[in-house]
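*Asks:* There's a structure below that I have some questions on.
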Amino acid sequence: MKFYVGDYTRLGGPGVCECELAEGELRLVQTADTLIEDPTYLILSGDGKTLFATSSSSSDGEEGGSVATFDVSDGGLRLTSMHSTAGGSACHLTLSPDERFLYVANYNDGKLTVFPVAEGKIGRRIQLIQHEGHGPNPDRQECAHVHFVQFHPEDGRLYAVDLGLDAVMIYRQDEATGLLTLEERVDVPAGMGPRHLVFRNDMMYVAHELGGAVSVFRASAGGWQLEQTLSTMPEGGGSEGAVAAIRVLGDRLYVSNRENDDIAEFEIRMGGSLVLERNIPTFGNFPRDFIPLHDGLILAANQNSGDIRLIKAAPLNPPRKQTFYLGMKAILGGRELELDVLEAAVCELCDPLPLPGAVCICPAKE
């Protein structure tokens, strides 16, 4: 399996690099031919030939971050274009469904930038949207902070998650020009600081960085309706700044808790509600991103310990009965047995891959 990693160059990382999981080992294959600073998010084109990256590097003679493309079509990793976002701290990006336009979230100053894309290269920006407002947290929500952008697979609109505004801003895209028009705002519980989201059927799951929680929204004729908000920690209290990435695979939802060094695993129940099943350790420090794979495998990028790890999380089946059984054993004096069984359910499968400042993982196309 081939995958790409972005890391903080300011922490000693090599920037954009290609890695692989082969023969039971994690390996660094190559680094990009050009060093760009702090590539914190990566995505691939549909054909797998172009890698798009955010960067804190300036370009076009302007201050602020930028976006770049790398040609990976023939096994290389070559920089082919780079343009300024005119925003501070470009942190996330997504392509339009037809891949003719690129949309970039800029965290520091709450801007959303639009670029044309042609033949695997980015053109100069065509739209710059400034979010306005603030939230109740004076230290983290003093202004708008756009953290995530993604198109809904069914309604075709662009969803921009703003940590500073406690809101998901929904834009209608002009398919011909790529330009955006604000159409709807979905507010989350105040002070939660939403970071990322995922869609599944008629549900939207929003991960909150400041609240250490995830909210469940259902689509309805009147817009998105909040149905549930629950902690990503078993004791019910996530710390500020803990939550990072959110992923869905089948009937499981996963959220990384950076400050607890684990990944919360939720069961998605019939109807879309969530139940926290367990917290899976990542065997490193500050898991920024992760990719759930088949058969309980998880690739995790631990930023502060500077590594990529392959984790095996054995299924809890059925989770409720197993938890009750282990609890009874503990009461009867079998606490050592309980710990042994639980620890055996999660393990590392190989040596970690050292990558200083690892912050994002992008699987290659199969």
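The values are calculated or read from the model by the stated rules, or taken from the named source; none is laboratory data. Predicted model, so just to flag it, every value in this text is computed and none were measured. Here the Cβ positions follow ideal geometry from the backbone for every residue, glycine too, while neighbour counts run over all protein chains shown.
*Asks:* Only residues that are at positive phi and assigned to a strand (DSSP E or B): list them for segment 166-223, please.
*Replies:* The answer is G223, and nothing else.
*Asks:* Identify, please: which residue in segment 125-153 is part of a loop (DSSP other than H, G, I, E, B) and touching a Phe, Trp or Tyr at 6+ places or on another chain (Cβ under 8 Å) and is, among those, nearest to G110 (Cα to Cα)?
*Replies:* H145
*Asks:* Has segment 163-179 got at least one residue that is surrounded by fewer than 24 Cβ atoms within 10 Å (Cβ to Cβ), out of contact with any Leu (no Cβ under 8 Å at 6 or more places or on another chain) and of a type in the set (S, T, Y)?
*Replies:* yes
*Asks:* Of the residues that make up segment 100-117, is at least one surrounded by fewer than 20 Cβ atoms within 10 Å (Cβ to Cβ), touching a Ser or Thr at 6+ places or on another chain (Cβ under 7 Å) and not basic (K, R)?
*Replies:* yes
*Asks:* Scan segment 17-66 for residues that are over 22 Å from N108 (Cα atoms) and either of a type in the set (G, A, S) or in contact (Cβ under 8 Å) with a residue 24 or more places away in the chain (or both) and report the count.
*Replies:* Here the count works out to 25.
*Asks:* Considering segment 260-306 alone, what residues qualify as being of a type in the set (S, T, N, Q) and either part of a strand (DSSP E or B) or in contact with a Cys (Cβ under 9 Å, 6 or more places away or on another chain) (or both)?
*Replies:* Answer for segment 260-306, where residues must be of a type in the set (S, T, N, Q) and either part of a strand (DSSP E or B) or in contact with a Cys (Cβ under 9 Å, 6 or more places away or on another chain) (or both): N279, N302.
*Asks:* OK, next. Specify which of the listed residues (V255, V243) is within 25 Å of P363 (Cα to Cα), modelled with pLDDT under 95 and surrounded by 16 or more Cβ atoms within 10 Å (Cβ to Cβ).
*Replies:* Answer to the selection: V243.
*Asks:* Given the conditions (1) modelled with pLDDT under 95; (2) among the aliphatic types (A, V, I, L, M); (3) closer than 30 Å to G46 by Cβ, report the number of the one that L297 does not fulfil.
*Replies:* (1)
*Asks:* Can you list the strands (runs of 3 or more DSSP E) lying wholly within segment 1-109 that have 1 or more residues being of a type outside the set (K, R), over 20 Å from the mean Cα position of the chain (by Cα) and more than 30 Å from T181 (Cβ to Cβ)?
*Replies:* 16-22, 25-31, 66-71, 78-84
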